[in-house]
Amino acid sequence: MNPPGIELHRTVQVSDLESEGGDPAGAWLSAQLADGDIGFVAVVEGRIVGCGLLGLHGDIGRLHGLFVHPDYRGKGIGAELVRARIDALSTLG
């Protein structure tokens with residue numbers, strides 16, 4: 001169950017997380033997604049406030065890259081991003 005006011009979205013396209021202006025973080029996220037990682041984002045009032053990635057390589061899954069904006073820490077967003085990624089890995093096998 002998501003904390004009140006928090007939406008979680010699975011990113012389905014590289015463009016979902018691309019930053020404008022050549023931001024290195026945006027380039028890194030784009031590269032991770034283009035390489036086959038799956039990303040989840042937490043959205044509050046239309047603003048992305050957190051994200052987490054998972055990779056599935058053969059029969060090995062890994063969680064990596066969990067980020068929550070400092071203003072939104074301590075609200076359960078990180079825990080929900082972890083749960084969503086574990087659920088996705090379980091579904092993917």
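Nothing in this text is a laboratory measurement; each read-out follows from the coordinates by a stated rule. None of the values given here were measured: they were computed from a predicted structure. Reconstructed Cβ throughout: ideal geometry from the backbone, glycine too, with neighbour counts over all protein chains shown.
Residues whose amide H falls under 5 Å from that of Ile6, counting only those 5 or more places apart or on a different chain, are absent, with hydrogens built in the peptide plane. Amide H to amide H, with H built 1.01 Å from N, Gly50 comes under 5 Å of Ala42, His69, counting only residues 5 or more places away or on other chains. Taking 7 Å steps out from each Cα toward its Cβ at Arg73 and Val43 produces label points 2.5 nm apart.
Rounded to 0.05, the FRET efficiency of the Val82 and Trp28 pair, given R0 = 25 Å and the Cβ-Cβ distance, is 0.80.
Between Leu63 and Thr91, the distance separating the two model label sites (each 7 Å from Cα on the Cα→Cβ line) works out to 1.6 nm.
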